[in-house]
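Worksheet for the structure shown next.
The values are calculated or read from the model by the stated rules, or taken from the named source; none is laboratory data. The structure displayed is predicted, hence computed values, not measured ones. As a convention, Cβ positions derive from the backbone with ideal geometry for all residues, glycine included, and neighbour counts pool all protein chains shown. Ligands, DNA and RNA are stripped out before the accessible areas are found, and what is left, the full protein with its side chains, is counted by its heavy atoms. Shrake-Rupley method; radii C 1.70, N 1.55, O 1.52, S 1.80 Å.
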Amino acid sequence: MELAEALENVARLDPEVSAFTEVWAAEARAAEPEASLPLAGVPLAVKGPAGIRAYAARRLTAAGAVPVGATSVPRSGSEWMTWGLGAHGPTRNPWRADRTPGGSSAGAAAAVATGMAQVATGGDGAGSVRIPAAWCGVFGLKTTNGLLPTPDRTGLASPGLLTRTAEDARPFLRCLLGSGEAAPPLLPLRAVWSPALGFAEVDREVLAVAGAAVARLESAGVIRLSGRDAVLLDPADAWSAVRAARPADGAAVRAENDRRLDAVFADADVLLTPATPNRAHGHDGPGRVYSTSLAWAFNLSGHPAASVPAGLGPDGCPVGLQLVARRGADAALLETAVAAQRHLPALRP
């Protein structure tokens, strides 16, 4: 994507989408990155007003990416974090304006989905990259916790990336990790499909779309299902305890889930779940459902996790399929997502 195209899309679409809190059009047009840099001229959106100082943004701009603006996040004090507030009001889901894009990397996902940026940075402490990626129909990756620097002292949050497809993310992840690409995966991959991780209440329409995507991957020879499930303890209280700086209160649940996940990955290459238990909700909030319920277990455990578009629900909004790999296998997880997306619907709002 050319920088001029991205800036044109920002000027044309952002008044309706409200993905940005600030747009740096003049600065972006004046930027002259060295042509020899690997990401020279790539339009980059950074999460939130302080996003330009984050590790991921600094790495990408050093490689030549050009920041076009700061993306929306939920306003301070919001009771629920699956929306964003941009310069033009609440951020709208690019597929349906009456729905939220997910959060907290709300504007990041909306900007990538609408071509206002080629890549966006995000932080994921409870699904904040994967949830908006799922609801906006783009690829979102949470890296292994502790692999990259983050200001989050709890250890729950990890830097992430959002791009249109997993294949698009390759040069950006390579830049962040400072290493080459992983080898293509040896197919079929040993896979475990868990529709609810043993505790979540998953919307039947979400489950139908995600389950159909898994069946499609198995039929295409991308995965071989083991027939077992991944049953975890509900991590909600443990996650909340760690976030509140009371890690001892969640230690038992955390240790047991780590043991169960170690058993899963002892003979599996990838764990598959729906990315969220619910569909993109309206701007009045998610109700009693925790959109994080299938995501934050892996913020506690530290595993890298990604969301790829699985298809569209009956409401016309995207549903995400979550892919989880062993700790540290970020590059391999990306290649797994690339292989999966080749056999899943290509979504474009």
The residue from Gly127, Gly178, Gly137 that alone is surrounded by 21 or more Cβ atoms within 10 Å (Cβ to Cβ) and out of contact with any helix residue (DSSP H, G or I) (no Cβ under 7 Å at 6 or more places or on another chain) is Gly127
Starting from region 237-251, take each residue that is under 11 Å from Leu300 (Cβ atoms) and open to solvent by less than 80 Å² (accessible area, probe 1.4 Å) and list its partners that are assigned to a helix (DSSP H, G or I) and of a type in the set (D, E, K, R), counting only C-beta distances under 7 angstrom and pairs at least six apart or across chains. Ala238/Arg254; Ala241/Asp249; Gly250/Asp237
Taking region 149-173 and keeping residues buried (at least 18 other Cβ atoms within 10 Å of the Cβ) and farther than 21 Å from Gly115 by Cα leaves Thr150, Leu156, Ala157, Ser158, Pro159
Say whether the condition of being basic (Lys, Arg) and part of a loop (DSSP other than H, G, I, E, B) is met by at least one residue in region 259-271. no
Among the residues of region 218-228, is there at least one that is at pLDDT 95 or above, touching a strand residue (DSSP E or B) at 6+ places or on another chain (Cβ under 7 Å), more than 19 Å from Gly320 (Cβ to Cβ) and of a type in the set (Lys, Arg)? yes
Of all residues in region 66-99, how many are farther than 24 Å from Glu8 by Cβ and among the β-branched types (Val, Ile, Thr)? 2
Within the set of pairs 6+ apart or on separate chains, which have a first residue in region 301-320 that is closer than 13 Å to Glu205 by Cβ and part of a loop (DSSP other than H, G, I, E, B), a second that is among the aromatic types (Phe, Trp, Tyr) and at pLDDT 95 or above, and C-beta atoms under 9 Å apart? Asp315/Trp95; Gly316/Trp95; Cys317/Trp95; Cys317/Trp135
Any hit, region 207-215, residues being within 15 Å of Ala295 (Cβ to Cβ), open to solvent by less than 50 Å² (accessible area, probe 1.4 Å), at pLDDT 95 or above and aliphatic (A, V, I, L, M): yes
Would region 288-296 turn up any residue that is outside any loop (DSSP other than H, G, I, E, B) and either among the charged types (D, E, K, R) or closer than 30 Å to Arg99 by Cα (or both)? no
It is to be established whether one or more residues within region 293-308 are open to solvent by 10 Å² or more (accessible area, probe 1.4 Å) and more than 21 Å from the chain's Cα centre (by Cα). no
Could you please tell me which pairs satisfy a Cβ distance under 8 Å, a separation of 6+ or placement on different chains, a first residue in region 139-154 that is at positive phi, and a second residue that is outside any loop (DSSP other than H, G, I, E, B)? Gly146/Ser158
Considering every residue within region 254-276, establish whether at least one is open to solvent by 40 Å² or more (accessible area, probe 1.4 Å), more than 21 Å from Val138 (Cα to Cα), touching a residue at least 24 places away in the same chain (Cβ under 8 Å) and touching a strand residue (DSSP E or B) at 6+ places or on another chain (Cβ under 9 Å). yes
Being open to solvent by 60 Å² or more (accessible area, probe 1.4 Å) and either modelled with pLDDT under 95 or farther than 26 Å from Leu232 by Cβ (or both) is the filter here, so list the residues in region 181-196 that pass it. Glu181, Ala183, Pro184, Leu186, Leu187
Identify all residues within region 226-243 that are of a type in the set (Gly, Ala, Ser) and either out of contact with any helix residue (DSSP H, G or I) (no Cβ under 7 Å at 6 or more places or on another chain) or at positive phi (or both); write none if there are none. Ser226, Gly227, Ala236, Ser240
